[in-house]
Structures are given as C-alpha cells and as structure tokens.
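As structure tokens, the structure follows; a few thoughts come after it.
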Amino acid sequence: MKKDFFDRFADQAACFAGSPAAFIGAVALVMIWAATGPFFKFSEVWQMVINTGTTIVTFIMVFLIQKAQNKDSKAIQIKLNELIAAHEKASNRIVDIEDLTEDELDELHKLYEKTGKLNEKKKDHSQKPVGK
C-alpha cells in the first residue's frame, strides 16, 4: 500500500512525538531557555521566544495527533465490523453507529445497558438450583 507524503510524515512525526527522545529534547530546550533568562535579563523577547515556539508546535501537533487518531479509529472500526460480520449470532444493525448523533448514541447506550441487565437477570435465574 503506497502512502502519500503527508501520511508518511504524519506517521513518523506522531511516532517521534511520543518517543523518549522527543520528551528529553523538549525538556532540554526548556532548560536551555530558562538558563538563558539571566543573560537576556528575563526580557519580553526572551519570554516571547518560548511562548511563540510552544504555540507553533502545539498548533501543528493538534493536526498530527488528529490525523493519527482518525486513522486509529477507522482501523478499530473496521476490525470491530469484521468481528461482528464473522460471528453468526451478532447483530449487524450497529455496524455504522459512528454516523449517529451524540443523542442517538446515548439512547443506544441506554438500550444496551437495559439489555445487559436483563440478560444478567436471566443468567442468574437459570443458574439457581431447582427446589431450593
């Protein structure tokens, strides 16, 4: 499967951002910045350097993280759909529930909670010994 430039870049950036090297690098940059404070007399420009740098990195990382999250969510949905399709007793009515609204999902969640409780009660009654 051929990935385009953005997919490769996003995958590598997300992988690097979660690495110990990235964390150590970020801590090192903050320590260097803090250590240079007295040299720059804790000026507004000195403060703006860290503020601007972190703002830019945060802005870009939001999109890279969202890209990774979208990819992971899609992969999980496909895997779950495969499990539903493979199990003969599973209902395929909920395969596309990710397209529902938040309120519709809440209602469906309540329905499954009730179903789960009913199934639990049935299971409890069927396990009780007869005549006691």
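Values quoted throughout were computed directly from the atomic coordinates according to the rules given, and no laboratory measurement underlies them. This is a predicted model, so every value here is computed, not measured. Note: ideal-geometry Cβ built from the backbone for every residue, glycine included; neighbour counts use all protein chains shown.
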> What label, among (i) 254; (ii) 102; (iii) 160, belongs to volume of the Cα convex hull per residue in Å³ computed from the structure on display?
Replying inline: (i)
> Under 29 Å Cα-Cα from Lys114, which lysines qualify once same-chain neighbours fewer than 8 residues away are excluded?
Replying inline: Lys74, Lys79, Lys89, Lys122, Lys123, Lys128, Lys132
> Between Asp7 and Glu120, what FRET efficiency follows from the Cβ-Cβ distance if R0 is 41 Å, with the result rounded to 0.05?
Replying inline: 0.40
> What list do you get for Lys3, Lys71 if you sort them by fewest beta carbons within 10 Å?
Replying inline: Lys3, Lys71
> What is the Cα centroid distance between segment 1-49 and segment 88-107, reported in whole angstrom?
Replying inline: 41
> Relative to the longest principal axis of the chain, what angle (0 to 90°, nearest 10) does the C-alpha long axis of helix 44-86 take?
Replying inline: 20
